[in-house]
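The values are calculated or read from the model by the stated rules, or taken from the named source; none is laboratory data. Please read all numbers here as calculations on a predicted model, not as lab measurements. Note: ideal-geometry Cβ built from the backbone for every residue, glycine included; neighbour counts use all protein chains shown.
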Amino acid sequence: MTAWGESDRLRTMEPTDAAAPRQDTLDRVRSTCRRVSEQARHVRLRRDRIVAYAERLARETPPIPELDTETHFVGNTEETATYFFVLDAINFGSGYFPYLTKRPGMSGYFTIASSLTDRFRSSGTLSAEALSTMDWATCCRLFGQSPSNAPILELMERFAEALRDLGGWLTERFHGSALRALEVAEGSAARLVDLLCEMPCFRDEARYAGAPVFFYKRAQILSSDLALAFGNEPPARFTDLDRLTLFADNLVPHVLRIDGLLEYTPDLARRIDAEEPLPAGSDQELELRACAVDTVEHLVSALANLGTQMTARDLDLILWNRGQCPEIKRAAPRHRTRSVFY
């Protein structure tokens, strides 16, 4: 059986210079994404446009984060925690979503979330034992997909692997309990990210120009989702939610491109506009995500200078909602990558 633990992973991420300040997981996301942004060859952050964009944001009333209880499940404490651990274990697949059989009027994400909600409402929670035996056929039935669709079969196989990973981790580390995992996180979103990254499917790391870059999109969004589900009260009261970064995916870079804060080289723009998939971990794909994270950090600073306090998590919600606007969707395609991280 897998020996779940974080000591080896964390050891590889510690600064090699003994005099360097110690960074936690969220610091590392910010610093490594900034390095990529500054070195990027395919994506350019228009720093000269940050202040004007921040001024526009400062005039808007930010949306209040709310949990959509129609498409998300809320039950007792353990059931609710388990639901969100399961949902965010498979909160990926945007590169496959053009092939997904979607529910009427729903995006790929909400098709998956509502299908999982129906399962929890009709048949109860998925135990760690059940997760540990998940296979692609069960995932096809659960999410209403056909195995004859080759890209979606690949996605269902990846879902099954991620769910087996989660089931084994919960069993071996936390006696099968998502609540116990939250207790061990001790009210820290950063600590929960570290715990989740013991699983390969959450370990959202890559190398760019010979050095590591970290994103941890799904591990971060799980703490945000849990905080919403429990009203930022125990068992999901996190004292460091304000330190979360942008949840780096393929939508926010698209919004920032359309709004003129990110510029792409002609070759990258051509590939995206032609809906040519970008390989996961390629320089172009990493630059898109890292530049989006760094752009949001610049916006947070610019807003603070204007006397408006917003966190990266706040801006993620604003930009994600903007990405739902028809004019943004129609302006150009977003990049697509078949990845387990978004």
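Do you know which of the residues in the range 110-149 that are farther than 25 Å from residue 179 by Cβ and without any contact (Cβ under 8 Å) to a residue 24 or more places away in the chain is surrounded by the most Cβ atoms within 10 Å (Cβ to Cβ)?
140
Got a sec? Which of 171, 239 is polar (S, T, N, Q), touching a residue at least 12 places away in the same chain (Cβ under 8 Å) and closer than 23 Å to residue 130 by Cα?
Matching residue, one of 171, 239: 171.
Which residues, counting only those in the range 298-342, are among the polar types (S, T, N, Q) and not in a helix (DSSP H, G or I)?
Those that are among the polar types (S, T, N, Q) and not in a helix (DSSP H, G or I): 308, 309, 311, 324, 337, 339.
Which pairs do you get when a residue that is surrounded by 20 or more Cβ atoms within 10 Å (Cβ to Cβ) and of a type in the set (A, V, I, L, M, F, W, C), found in the range 199-223, comes within reach of a residue that is at pLDDT below 95 and in a helix (DSSP H, G or I), reach meaning Cβ atoms under 9 angstrom, with the pair 6+ apart or on two chains?
Taking only residues 6 or more apart or on different chains, the pairs are 214/13.
Here are the criteria: (1) crowded, with 19+ Cβ neighbours inside 10 Å; (2) under 25 Å from residue 223 (Cα atoms). Tell me which single one residue 281 does not satisfy.
So the condition that residue 281 fails would be (1).
Whether any residue in the range 140-161 is farther than 25 Å from residue 272 by Cα, part of a helix (DSSP H, G or I), within 22 Å of the chain's Cα centre (by Cα) and of a type in the set (D, E, K, R) is what I want to check.
Yes, the range 140-161 contains at least one residue that is farther than 25 Å from residue 272 by Cα, part of a helix (DSSP H, G or I), within 22 Å of the chain's Cα centre (by Cα) and of a type in the set (D, E, K, R).
Across the range 153-180, what is the total count of residues that are within 22 Å of residue 340 (Cα to Cα) and in contact with a Lys or Arg (Cβ under 9 Å, 6 or more places away or on another chain)?
Residues that pass the stated criteria total 4.
How many of the residues making up the range 294-342 are within 17 Å of residue 48 (Cα to Cα) and under 14 Å from the mean Cα position of the chain (by Cα)?
0
Those residues that are among the charged types (D, E, K, R) and assigned to a helix (DSSP H, G or I), I need them from the range 271-289; list them, please.
Of everything in the range 271-289, those that are among the charged types (D, E, K, R) and assigned to a helix (DSSP H, G or I) turn out to be 271, 273, 283, 285, 287, 289.
Residue-wise test of (1) at pLDDT 95 or above; (2) charged (D, E, K, R); (3) farther than 27 Å from residue 326 by Cβ.
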| position | (1), (2), (3) |
| --- | --- |
| 237 | yes, yes, yes |
| 253 | yes, no, no |
| 259 | yes, yes, no |
| 268 | yes, no, no |
| 276 | yes, yes, no |
| 279 | yes, no, yes |
| 282 | yes, no, yes |
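Considering only the range 18-109, give the helices (runs of 4 or more DSSP H) lying wholly within it that have at least 2 residues that are acidic (Asp, Glu) and buried (at least 21 other Cβ atoms within 10 Å of the Cβ).
So the answer is none; nothing clears 2.
How about the range 96-117: which of its residues are among the polar types (S, T, N, Q) and in contact with a Phe, Trp or Tyr (Cβ under 9 Å, 6 or more places away or on another chain)?
101, 107, 111, 115, 117
Can you name every residue in the range 316-330 that is touching a residue at least 24 places away in the same chain (Cβ under 8 Å) and of a type outside the set (Phe, Trp, Tyr)?
If the condition is that a residue be touching a residue at least 24 places away in the same chain (Cβ under 8 Å) and of a type outside the set (Phe, Trp, Tyr), then 316, 317, 318, 319, 321, 322, 323, 328 are the ones that fit.
Among 245, 265, which is the only one that is touching a Leu at 6+ places or on another chain (Cβ under 8 Å) and of a type in the set (S, T, N, Q)?
245
Any chance you could count how many residues in the range 53-82 are charged (D, E, K, R) and more than 30 Å from residue 257 (Cα to Cα)?
So the count comes out to 3.
Which number in (1) farther than 21 Å from residue 31 by Cα; (2) in contact with a Phe, Trp or Tyr (Cβ under 6 Å, 6 or more places away or on another chain) marks the one condition that residue 268 misses?
Looking at each condition in turn, residue 268 falls short on (2).
Give me the residue from the range 224-262 that is hydroxyl-bearing (Ser, Thr, Tyr) and in contact with a Lys or Arg (Cβ under 8 Å, 6 or more places away or on another chain) and, out of that set, surrounded by the fewest Cβ atoms within 10 Å (Cβ to Cβ).
Filtering first and then ranking leaves 224.
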